[in-house]
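Read the structure below first, then the notes.
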Amino acid sequence: MTEPGDPTHGGSNRDWGSPTSTPPPTPSEMDSEMRKRLGYIARVVFIVVTLIVCVSGLVWVFNSVFSYGSSDVPTITTPQVPREQPATQTDLQKTESAFGPFKALKLSATETPDTRTPAMLELRFNGTTAASTKYTVPFNKDTWKPQTHPQINAVTIDGDFVTIRNTVGRVYTVHVNQPFFLQDYPQAIVLIDYSGQHWMMPYNTAQASRQPL
């Protein structure tokens, strides 16, 4: 005769058919789950914002590259430093025509070289000098103006002669008060007095004041 609950005869009083119940989550478990969800949402938001920023940047670069030259793109201008306008071939031709013809000089290395004063001189690119065979421009303070020549770096007075060094290092000799122009700056006619003062006038004014030799 078996006793109720005897395990050897299947008389266990365990309820094999009843479901196992799950205990409700504790407050700490709920808080941990909430933090996980918030962290996931934050990561998703970060990824979305990053993608938006990247796409916006690519669109801006695309528009900048492929819209260059459009009237909608602002033009950036760099301030230009004022500088002397270089002489054109036309300027040189006008001055040579106004005071020519010119004949090349062979200046001796003496203290009194023959510069054919008062003839107009042309100080050439290659360091040589040519003298007008036809014209001079006499000095007077009504037409000549004291002004430093932008292409003359230094002058030295030695008796009746002036040694001129230009801005690129070429050296010329002219007579004091003898009119001349530099071939690379023919817009201005120049003379230098005994004090070393530069006197200048535009070539068109000098042309009106020229006199035959």
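The values are calculated or read from the model by the stated rules, or taken from the named source; none is laboratory data. Everything numeric in this text was worked out from a predicted model, so none of it was measured. All Cβ positions, glycine included, derive from the backbone under ideal geometry; neighbour counts span all protein chains shown.
Hey, Y194 hits all of (1) surrounded by 15 or more Cβ atoms within 10 Å (Cβ to Cβ); (2) more than 23 Å from K106 (Cα to Cα); (3) of a type in the set (F, W, Y) but one; which does it fall short on?
(1)
Taking A98, is it surrounded by fewer than 12 Cβ atoms within 10 Å (Cβ to Cβ), hydrophobic (A, V, I, L, M, F, W, C) and out of contact with any Asp or Glu (no Cβ under 7 Å at 6 or more places or on another chain)?
no
Out of E122, E111, E96, E84, report the one residue that is more than 26 Å from N204 (Cβ to Cβ) and either modelled with pLDDT of 90 or more or acidic (D, E) (or both).
From the options E122, E111, E96, E84, the qualifying one is E111.
Filter region 118-129 down to the residues that are in a loop (DSSP other than H, G, I, E, B) and more than 16 Å from V176 (Cβ to Cβ), then identify the one that is nearest to the chain's Cα centre (by Cα).
So the residue we want is F125.
Give, as residue ranges, the strands (runs of 3 or more DSSP E) completely inside region 130-213 that count at least 1 residues that are polar (S, T, N, Q).
The qualifying strands (runs of 3 or more DSSP E) are 152-158, 161-166, 171-175, 185-192.
Please give the number of the condition D15 fails out of (1) of a type in the set (D, E); (2) part of a loop (DSSP other than H, G, I, E, B); (3) at pLDDT 70 or above.
(3) is the only condition that D15 fails.
List the residue pairs whose Cβ atoms are under 7 Å apart, where the first residue sits in region 176-194 and is assigned by TED's automatic domain parsing to the domain that holds F102 and of a type in the set (V, I, T), the second is surrounded by fewer than 19 Cβ atoms within 10 Å (Cβ to Cβ) and assigned to a loop (DSSP other than H, G, I, E, B), and the two are 6 or more positions apart or on different chains.
Close Cβ pairs (under 7 Å, with a partner that is surrounded by fewer than 19 Cβ atoms within 10 Å (Cβ to Cβ) and assigned to a loop (DSSP other than H, G, I, E, B)) amount to V176/D160; V176/D193; V176/Y194; I192/V176.
Condition (residue is closer than 24 Å to S97 by Cβ, within 41 Å of the chain's Cα centre (by Cα) and of a type in the set (S, T, Y)) applied to region 149-172: is it met by at least one residue?
Yes: region 149-172 contains one or more residues that are closer than 24 Å to S97 by Cβ, within 41 Å of the chain's Cα centre (by Cα) and of a type in the set (S, T, Y).
Among the numbered conditions (1) touching a helix residue (DSSP H, G or I) at 6+ places or on another chain (Cβ under 9 Å); (2) buried (at least 18 other Cβ atoms within 10 Å of the Cβ); (3) not aliphatic (A, V, I, L, M), tell me where D184 comes up short.
(2)
Give the residues of region 125-166 that are acidic (D, E) and under 21 Å from P202 (Cβ atoms), sorted by residue number.
Across region 125-166, the qualifying residue is only D142.
For region 146-170, which residues satisfy the criterion of being of a type in the set (D, E, K, R), under 15 Å from G127 (Cα atoms) and loosely packed, with under 15 Cβ neighbours inside 10 Å?
R165
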